[in-house]
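One structure below.
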Amino acid sequence: MSFVVDERGRAFVLDQINSRIQVFEGDRLARIVPLPADTIQDIALDAKGGVWALDRLGAGSVAHVTEDGVVSHEIALVGDGVEDAGDVSALEVRADGVWVEVRHATLVQIASADGIALADRPVAPGRFADALGGHLRAAKSSFGAAITLQKQGERPEVFAKLRFSMRVGHLTGLESDREGNVHVSLHLFDESPEPPFELLAQQDLVVTLDRAGRELSRVVLPPESGAEESFRRLRVGANGGLYHLGFDSDGATLRRLSP
Amino acid sequence: MTTRTQLPLLLLAALGLSSVALAAPPTQTRDQIIARGKGVVGFSYWWGHGRWTTDSSAYRGSCSGSCPSCSHSGAYGADCSGFVAKAWQVPGTSAVTTDSHPYSTYHFYHNATHWTHISRGSTKKADAMVYRTSSGGHIFLYESGDPWGWMTAIECKSCSGGCVRAGRSASSSYKAIRRHNITDVVDTDGDGVPDAKDNCKTVKNADQKDTDKDGKGDACDTDDDNDGILDTKDNCPLVKNASQKDTDGDGKGDACDTDMDGDGVPNASDNCPLVKNADQKDTDKDGKGDACDADDDGDGVPDAADNCPKHANADQLDTDKDGKGDACDTDDDNDGLLDEDDNCPTVANANQTDMDEDGIGDSCDDDLDGDGFANDVDVCPLLAGENQDDTDGDGLGDECDDDLDGDGVLNVVDNCPSVANADQEESVVEGIGQACADGAVGEPPLGPTGMQEGFTPDGVPVEGSCGCTLPGAGSGHRRSGALGLVLLGLFLMRRGRRERA
């Protein structure tokens, strides 16, 4: 599951199993964009509002999909910087072209702004943080997480270190907004110390940091559950808002966490 | 810390497991499990099954619909639990090509038959993550983690997703389980040989073959024989041959070529292993084929200088000096006649004359007249006869001497043919020279028969002749005492005629 929000605040929610994108305007389902496969796991919008879809398990490619669900461009994932399509962990579309993240570490540009596949693929050291002038990366520990910022031409430096009372299961998002705030979402849990290590508690958390790495807020959300994996849980929309996609027994819920 | 959970046999029976299944599964390394599990990637999701193959050409199958109400085509595929059981080799050894589905996600989640529940934060390679609710479940194999705590998983996801290997997250609703009898021995390539002992850590080589014993297995050694030539270019990659000599140019170096000269005869039995000689001809049977033998006939004369290289002829005799030794020359004297037809094979005699017709040509006959006297002693070599008299001692026997007495006057006109009288002074007897009329030792003139009158051809006085016997006469001599009387008679007859004239 994944989503993206455009400048008008419309939410494009990837409904993978049903091979479609549901476009919401507020609570209203505005339209549906059919997708060519049910293996697409992430989506992004380009500057013209075009939809790009990541299909790493099926076609092993990123495709530009028209409103009618027709693939107009398709770029293979495997190549310089991407050894295995299964290693791709995120899709980013920027003004200069299409980028994919590899194992939550580096970003590799695979296509130009025109959607032309690149033979020589530039590599960025982490997620783009334009307002901070660099790239962000994050790593978990048993009860914490560390965020690094690497500015252009410099070595990476610690941006922030977070501690939690519960175990960190995994990170679910790392975003930065126009003000330079950094948002981190995580899945936390507690388990019994003895076999069979029963699950005692779990929660999803969104931590917001200012541009200096100081913690501004922690927002607790219903925990992710179920067998399915989620691909994109946290996103800063093109309209500047911070959004979180959650799953529970009732289904998927998209929440706006900031004005 | 983990402990094994012992379940009552009755409960196990209720779950469809017999006591036989309690036997420990075979020991596996983590790398072995992952290597086996990677083989399922690309195969189809097959509800209730667990089977795939390493044959890259095999049809991977296809799934359609929504399981369990899905349909599958093809002979290979697995569902999530069938895959993990096979990758783990539980409850026991089972070939990946053998279809099996011993456990469901229910078993993996609730039981601890051949696995143990572990802390979610302590997962290692080849552990599994299992989820189960009343409506279903899922299980996948954990390979590694990334900085976010996501997992590289190998799993058979769904009918549409198939079996894949990719990074994913997993909610805490998943439990982590670890197979029993799993070792932490690192075996990166999953060939059964731990990295600590593996001479090719990232390339499968269970046999650990290391031809040059350099510690780098052949499977990953770019120069297996350590001869300085890369295997990709080495014409004997497993045999040291820096020279790369390849006599027959067949791409297989001599050092490893069982037929170096490419003549179809294996080196071990080739009498010229480096020279093509399919016929294996060996004239002198010395074990070295003619093609490489410097002396084919073994006569001690090198072929390059041998005038009969295929015939032993140490003396190199070449009668006609035509460069072909007599031993192999069919015409030794080069007279145009084959030796077998030549009555003088080593003496040129095109005319093939043979006076005495003894089969030996005159050119080479020691006894031309065949009278038993060798030419060099025979006073008449061209006239057969026992008489070897030579009155005048000129070497020419009387039988063939036209001038017996050697006085320069031929016998036929010599009035004393046996007595040298060059002046031919006549005696009173006409036709008789004075030299022999005086009783000088000599022979009477020969009559028309060429024989001395009064004697038989054998020298026996004719009856009625004087029978004169000359000095020294013997059986071979034709003089006799009667000769003088005959000569006198003749003289008188001739004188008388002259007077009457």
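Here are a few things to note about the model shown:
- Ranked A:Ile43, B:Ile118, A:Ile17, B:Ile360, criterion: other C-beta atoms within 10 Å, fewest first: A:Ile17, B:Ile360, B:Ile118, A:Ile43
- The mean number of partner chain beta-carbon atoms within 10 angstrom of a residue's beta-carbon across peptide B:157-170 is 6.
- For segment A:15-71 versus segment B:241-315, the gap between their alpha-carbon centres in whole angstrom: 77 Å
- Exceeding the 26 Å Cα-Cα cut-off - candidates B:Lys124/B:Lys157; B:Lys213/B:Lys245; B:Lys252/B:Lys310: B:Lys252/B:Lys310
- Value of [θ]222 nm, deg cm²/dmol, for the protein assembly as shown, DSSP H segments ≥ 4, -39500 (n - 2.57) each, nearest 500: -2000 deg cm²/dmol
- Database remark: amide H of B:Thr353 closer than 5 angstrom to the amide H of B:Asp362 (H placed geometrically; neighbours at sequence offset of 5 or more, or on other chains; Pro and chain starts carry no H).
- Residues in segment B:131-144 carry Karplus couplings, in order, of 10, 7, 10, 5, 9, x, x, 7, 8, 9, 9, 8, 9, 7 Hz; the curve used is 6.51 cos²θ - 1.76 cosθ + 1.60 with θ = phi - 60°, and Gly or Pro positions show x.
- For A:Arg31 and A:Arg94, a Förster radius of 22 Å and the Cβ-Cβ distance give a FRET efficiency of 0.30, rounded to the nearest 0.05.
- Relative compactness, the protein assembly as shown, computed as alpha-carbon Rg over 2.2 N^0.38 Å: 2.24
- Charging the Cβ of each Asp and Glu at -1 and of each Lys and Arg at +1, and nothing else, the dipole of segment A:1-124 about its Cα centre rounds to 280 debye.
- Average Cα contact separation per residue, segment A:128-259, under 8 Å, 6 or more apart, as relative contact order %: 16 percent
- Relative contact order computed over chain A (Cα-Cα under 8 Å; 6+ residues apart), in percent: 12 percent
- For the peptide B:119-126, the mean number of other protein chain Cβ atoms found within 10 angstrom of a residue's Cβ is 3.
- Sparse-neighbourhood loop sites, trypsin sites (Lys or Arg not before Pro) in segment B:240-345 - DSSP loop, at most 10 other Cβ within 10 angstrom: B:Lys285, B:Lys321
- At R0 = 41 Å, FRET efficiency that the Cβ-Cβ distance of B:Glu386 and B:Asn334 yields, to 0.05: 0.60
- Cα pair distances of segment A:128-259 binned at 5 Å [whole percent]: 2, 10, 20, 22, 19, 13, 8, 4, 2, 0
- Selection from B:Tyr106, B:Val130, B:Thr93, by position along the positive dipole direction of segment B:9-183 (Cβ): B:Val130
- Cβ neighbours within 10 Å from other chains - mean over A:185-196: 4
- Convex hull of chain A built on C-alpha atoms - directionally averaged projected area, nm²: 14.0 nm²
- Isotropic mean projected area of the C-alpha convex hull, segment B:311-361 (nm²): 3.5 nm²
- Residue exposure sequence - A:Phe189, B:Phe43 - by fewest surrounding Cβ within 10 Å: A:Phe189, B:Phe43
- Sparsely packed chymotrypsin sites (Phe, Trp or Tyr not before Pro) within segment B:45-147, loop by DSSP, other Cβ within 10 Å at most 15: B:Tyr59
- Legend: ranking of residues B:Asp389, B:Asp195, A:Asp68 from fewest to most surrounding C-beta atoms inside 10 Å; resulting order A:Asp68, B:Asp195, B:Asp389.
- In segment A:43-118, taking the dipole from charged Cβ atoms about the Cα centre, the farthest positive-side position among A:Leu118, A:Gly50, A:Thr66 is held by A:Gly50.
- Loop-resident trypsin sites (Lys or Arg not before Pro) (DSSP state other than H, G, I, E or B) in segment A:168-225 with no more than 13 further Cβ atoms inside 10 Å of their Cβ: A:Arg178, A:Arg214.
- Average Cα contact separation per residue, segment B:321-402, under 8 Å, 6 or more apart, as relative contact order %: 14 percent
- The distance between label points at B:Ala294 and A:Ala47 comes to 8.7 nm (points 7 Å beyond Cα on the Cα→Cβ vector).
- Contour excess over end-to-end distance, with Cα ends at A:Val220 and A:Val78 and 0.36 nm allotted per residue: 47.4 nm
- Pairwise FRET efficiency - A:Glu67 versus A:Ala139, Cβ, R0 = 60 Å, nearest 0.05: 0.95
Readers should treat all values here as calculations from the given coordinates under stated rules, not as data from a laboratory. None of these values were measured; they are calculated from a predicted model. So basically every Cβ, Gly included, is an ideal-geometry build from the backbone, and we count neighbours across all protein chains shown.
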